[in-house]
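Take a look at the structure below.
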Amino acid sequence: MRAAKATQGFVVIDMGAITKKKIENAEREAAMMTRQPGASTGHVVLLGDSIFDNQAYVDGAPDVAQQLRQELPGDWSCTLLAVDGDRISDVDRQLRFLPPDTTHLVVSVGGNDALGFAPLLEEDAGTVTDALLILGKAQDRFAADYAAMIDAAVAKGLPTAVSTIYDTPPSAPGQRIIRTALTIFNDSITRAAFDRGVSVIDLRLICNEDQDYANPIEPSAHGGQKIARAIAALVLANGTAQRSIVVAAEPADQTVWRTAP
């Protein structure tokens, strides 16, 4: 990890390529820290839907939770509370089952809610303005539900991160339409997160290959590995601080961290 420079109120740190070697180095450093007097281990809890609860879609390969356990230092742990098919409103139920030693919350939810608005794409609209007004009403409903969810998560007093909704496989039919439509929901996610000092894992840029998907909406083992590495890098870099860090894979598979000073 190397610091770059402060730019317009932000500290930009270039982590370089997300490789197994870099994660191993981060784990080694974290393990050394946890052996120091007063240092504590970590317990990451995964909340949300099938982005994390993807075991049914990986044909016996490790799911995201198993992959995350492999990426974290040996004395860290991970609990999966996310449930395939759950929606934003279901996270409140999941939060009731947090282990007492939880140190970090990571939430990936909203895709199923967005799917519920899919019929809107078939509605007739006289003008582009009319179409935007229809989508705007859906965004308002989504934003209100997401804000309530993220407030409930932040109220636990733990470092919290959320993820954007990824697009769909790049070669999938209708990918451009889906990507465009999802921007209104992802805007609600990022606004809610940044307004509350919550970190964001941008799955749109992390899961950017066809092989990252088991089907149009579920992550494969390959995509899950990339998600797990992003989560591990985030929690190891952020420690116990509650602040907004953005994790995103750029075209050259670079990870950029922007942290508020």
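Where a number appears in this text, it was derived from the coordinates with a stated rule and is not lab data. Since we're looking at a predicted model, the values are computed, not measured. Positions of Cβ are generated from backbone atoms using ideal geometry, with glycine treated the same way; all protein chains shown enter the neighbour counts.
Roughly how many debye, to the nearest 20, is the charge dipole of the range 39-253 about its Cα centre, given +1 on each Lys and Arg Cβ, -1 on each Asp and Glu Cβ, and no other charges? It would help to have the intermediate numbers written out before the result.
Details: 15 positive and 29 negative charges, 128 e Å.
Its charge dipole is roughly 620 debye.
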Semi-axes (Å, rounded, descending) of the ellipsoid equivalent to the range 87-228 per its C-alpha gyration tensor are 27, 20, 12
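Sort 216-228, 171-183 for me by packing, meaning the mean count of neighbouring Cβ atoms within 10 Å per residue, highest on top.
Working: 216-228: 22.2, 171-183: 14.1.
Packing order, densest peptide first, comes out as 216-228, 171-183.
For the ranges 134-140, 49-55, what's the packing order if you count other beta-carbon atoms within 10 Å of each residue, average per peptide, and put the highest first? Before the final figure, lay out the partial values.
Numbers: 134-140: 15.0, 49-55: 24.9.
In descending order of packing, they fall as 49-55, 134-140.
What FRET efficiency comes out for the pair Arg196/Gln70, r = Cβ-Cβ distance, R0 = 41 Å, nearest 0.05? Can you show the working numbers first?
Working: r = 30 Å, r/R0 = 0.74.
About 0.85, to the nearest 0.05.
What is the extension gain from Ser171 to Thr129, computed as 0.36 nm multiplied by their sequence separation minus the C-alpha to C-alpha distance, in nm to one decimal? Each step should come with its number before you reach the end.
Values: separation 42, 0.36 × 42 = 15.12 nm, distance 2.90 nm.
12.2 nm is the gain from fully extending Ser171 to Thr129.
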Find how much the distance from Asp84 to Leu115 grows on full extension, using 0.36 nm per residue of separation minus their present alpha carbon separation; answer in nm with one decimal.
9.8 nm
What net charge do the residues around Arg204 carry, taking every other residue with its C-beta under 10 Å from that of Arg204, with Lys and Arg at +1 and Asp and Glu at -1?
-1
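Antiparallel DSSP bridges in the range 39-253: what percent, to the nearest 5?
Here the antiparallel bridges make up roughly 5 percent for the range 39-253.
Just flag the GluC sites (Glu not before Pro) in the range 63-140 sitting in loop per DSSP whose Cβ has no more than 14 other Cβ atoms within 10 Å. List each step's numbers first, then the result.
Working: sites: Glu71, Glu122, Glu123; in loops: Glu123.
Qualifying residues, ordered by number: Glu123.
Viscosity 0.890 mPa s, temperature 25 °C: give me the Stokes-Einstein translational D for the range 154-221 in µm²/s, with Rh taken as the Kirkwood radius over C-alpha pairs. Display every interim value, and only then the final one.
Working: Rh = 13.0 Å.
Translational D for this selection: 189 µm²/s.
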